[in-house]
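These notes concern the structure reproduced below.
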Amino acid sequence: MRFLKTLTLNRRAIYDSRVALDTSNTFTVADSTAMIVPKNDTSLTTIQTNGMIRYNTDTNQFEGRQNNVWREFRFKEPTAIVRQYLGVGDDSTTVFGPLNPDPYTYTAESGTTWNAEQIAQNLLVVNETIWQIGGTSFDFTVIQQPTGPLGANETYIQFAIAIAGGRSVYVYHNVGR
């Protein structure tokens, strides 16, 4: 019968409970002390593999490598909801904006940028007392204009029908973040 013991990082001790690698390849930090994760800056030049974690010393953020991109860990702190006033309807206007912050700068959980349909489904738009549902043919879509009053590639909301005169339009950003 072969004796199996937990592989420890301390070769001089028969048993070291602080850090261990057991026979099922489970790495355990069993002490009540803290573990320091690897630290480096954004210019990491070593082999980068999905599943890595690090503390980025340039951004002072914890990051994980997912889908071949370094992504900051998001903790359970709430993200502020931003209410943006877009203007008042005049019985003929269907396009309102530009949106600020620009939803095209949002990054999905997978690390990819959202398309117009995903953006529309993640914005809350209120037309006076009417909640508008993005991405449906009767409410609104998100469009990006090559030129706008504030600069190139600005993002706007386009309603299927003109907003009635005197009705205020608001958009709420970061509701699901």
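The values are calculated or read from the model by the stated rules, or taken from the named source; none is laboratory data. No experiment lies behind these values; they were computed from the predicted model shown. With ideal geometry, Cβ positions are generated from the backbone for all residues, glycine too; neighbour counts draw on all protein chains shown.
So, Thr45, is that one modelled with pLDDT under 75 and in the same structural domain as Gly165 (by TED's automatic domain parsing) or not? In short, no. A single entry from Gly97, Gly64 fulfils the requirement of being of a type in the set (Gly, Ala, Ser), over 17 Å from Tyr156 (Cβ atoms) and surrounded by 11 or more Cβ atoms within 10 Å (Cβ to Cβ): Gly64. Among the residues making up the range 114-132, those that are closer than 17 Å to Gly97 by Cα and assigned to a loop (DSSP other than H, G, I, E, B) are Asn122, Leu123, Glu128.
With respect to the conditions (1) in contact with a Ser or Thr (Cβ under 6 Å, 6 or more places away or on another chain); (2) closer than 30 Å to Phe140 by Cβ, Lys39 lacks only one, and its number is (2). Closer than 30 Å to Tyr172 by Cβ and under 25 Å from the mean Cα position of the chain (by Cα), is that true of Thr57? No; evaluated as a whole, the condition is false for this residue.
Of all residues in the range 67-94, those being surrounded by 15 or more Cβ atoms within 10 Å (Cβ to Cβ) and not in a loop (DSSP other than H, G, I, E, B) number 5.
Taken as a whole, the condition of being at pLDDT 85 or above, buried (at least 17 other Cβ atoms within 10 Å of the Cβ) and part of a loop (DSSP other than H, G, I, E, B) does not apply to Ile157.
Remark: Thr105 matches the filter, which requires a residue to be surrounded by fewer than 11 Cβ atoms within 10 Å (Cβ to Cβ), within 27 Å of Val69 (Cβ to Cβ) and either hydroxyl-bearing (Ser, Thr, Tyr) or at pLDDT 85 or above (or both).
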